[in-house]
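Below: the structure, in structure tokens.
The values are calculated or read from the model by the stated rules, or taken from the named source; none is laboratory data. A quick note: this is a predicted structure, and the numbers were derived from the prediction, not measured. Here the Cβ positions follow ideal geometry from the backbone for every residue, glycine too, while neighbour counts run over all protein chains shown. For accessibility, only protein heavy atoms count, side chains too; no ligands or nucleic acids. Shrake-Rupley method; radii C 1.70, N 1.55, O 1.52, S 1.80 Å.
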Amino acid sequence: PSQWCKANINNKAADINGDGEITVSDLSAFSYLLLNGGTSSAKSRKVMMNNTAAPCVISISDMEIVPGGETIATISISNPDVKFSSYQFDLILPLGLSVKTDEDGFLASELSLERTNMRKTNFFDSKMIDNGVLRVLCASTNNSAFSGTEGSVAHITLVADKNMPAGTYSIGLDKAELTLNGDRTIPEIASAKIAVAAPTNIAEAFKSGE
């Protein structure tokens, strides 16, 4: 299926909002077109490089983990002066840290319902696109904006390799954007740290040394 997509997708046609890039903003604009009879309210079709009075920020929580253990990364967005119905971002993980998968192979990433619900925000998906890089897409096919101006938007369960050395590692965010009716805002990015603890007892130390 992926080879079919690469061979048959018309990139020009996929750029629904006409800004020269194919992102979650095009998904937002396309759903709006379908639901409104082929007319869009996305008049400017521009990228707003966070030029609002109070900047938008996407951030990730600082975390602690033990080798072989798991923790939840919370992604939050602060948007004092901009509304958004959809977002995307890449989560960049250090070596030794991965996203948990369930028994069916699905990644343990999920929409936070702190600022929305499943009727308003009805598309959420993620995929490992490179070694240590998770891409997350979230959209509302009816362009319902997230409520409020601050709070969590996603939760991702991370797992540390059992032999991951103790220390403090950086977790980064990249290619983040917010969109409403096809218009894009590029938020500032606040990265985080994850502290990997050393084994705390003799049994753990013996196990990690095997």
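Some observations on this one:
- For region 122-135, a residue qualifies if it is under 14 Å from the mean Cα position of the chain (by Cα) and closer than 20 Å to G148 by Cα, and the qualifying residues are F123, F124.
- Hits in region 145-155 (condition: part of a loop (DSSP other than H, G, I, E, B) and surrounded by 16 or more Cβ atoms within 10 Å (Cβ to Cβ)): A145, F146
- Residue satisfying all of: in region 81-140; open to solvent by less than 10 Å² (accessible area, probe 1.4 Å), in contact with a Lys or Arg (Cβ under 7 Å, 6 or more places away or on another chain) and not aromatic (F, W, Y); modelled with the lowest pLDDT among these: S140
- Within region 102-137, the set of residues being touching an Asp or Glu at 6+ places or on another chain (Cβ under 8 Å), part of a strand (DSSP E or B) and hydrophobic (A, V, I, L, M, F, W, C) comprises F124, I129, V133, L134, V136, L137.
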